[in-house]
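Shown next, in structure tokens, is the structure this report addresses.
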Amino acid sequence: MPPVTPNATQPRQLPTPVTASNGLKPARATKILELQSGIAWRGRWMPAKFRNARFHVETAVRESGRRVVAHEFPKRDLPYAEDMGRRQREFTVRGYIIVYPRDNEGVLQKKNYIEARDVLIEALETEGPAILQLPLLGILEVACTRYRVTEENRMGGYCVFDMSFTEYGKAPATGERQSKAGVYYQVQQLNAANKAWIEAELKKAIMSTQGMVGI
């Protein structure tokens, strides 16, 4: 009998999984999301929004450091780095808005993404500071310095926002009453008022004395 050649059109059968001697199948590999270290960050995850305008986040970058002034001296090899305080925190966020197959609750998850896009644009162009909430960087009081929205013909129903924010902080002369800046400002005002009152009283006393001498 001639040997039977396998048909090239028939699917190739996979080998039977190897079982252990006790009849049990070998344990499967643990997925990374099943590890405690892989799911711990999910407990801190928050939806992204700015002035209650929701969006999805692709990347979020926080940048800061120290304001260091470098001093170099003539005839001296060793410089001096003067620390002038913490640098203002800046945040760079790449977000996006995309269409959904069906309308859900809220503006973000809609079959038409244009409404959510326009709401975010209006929020970014509104004057004054606002709350920025990022998935893992937390809740921040910032001011939007620049944004750019990109839409491409080959990717319909999808837009990308490149946004830049800066830490808002507080003005030094109008801080809270119990803050160091606020207390310093109040002391300066009181000192100026006391100095003006003392000068006015001295002037009155000198004039009164000169009048008595003339008599």
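No lab work stands behind these numbers, since they all come straight from the coordinates. It should be emphasised that the depicted structure is a prediction, and the values quoted were computed from it without experimental measurement. Glycine also receives a Cβ, built like all others from the backbone with ideal geometry; neighbour counts cover every protein chain displayed.
Details
- Ala200 paired with Ile139, simple spin-label distance in nm, labels 7 Å along Cα-to-beta-carbon: 4.7 nm
- Whole-Å distance, taken between Cα centres, linking the range 36-77 and the range 98-119: 29 Å
- 20 Å reach of a label modelled at Arg44, 7 Å along Cα-to-Cβ, counting backbone N of the range 79-95: 89-94
- Cβ-based charge dipole, the range 44-169, positive-most Cα from Ala60, Leu134, Leu78: Leu78
- 19 Å reach of a label modelled at Ile121, 7 Å along Cα-to-Cβ, counting backbone N of the range 139-170: 144-164
- Loop-located GluC sites (Glu not before Pro) in the range 83-171 whose Cβ has at most 14 other Cβ within 10 Å (DSSP): Glu105, Glu127, Glu152
- Between His56 and Gln88, the FRET efficiency estimated from the beta carbon spacing at R0 = 45 angstrom works out to 0.95.
- FRET efficiency, Val187 to Thr166 (Cβ-Cβ, R0 30 Å, nearest 0.05): 0.50
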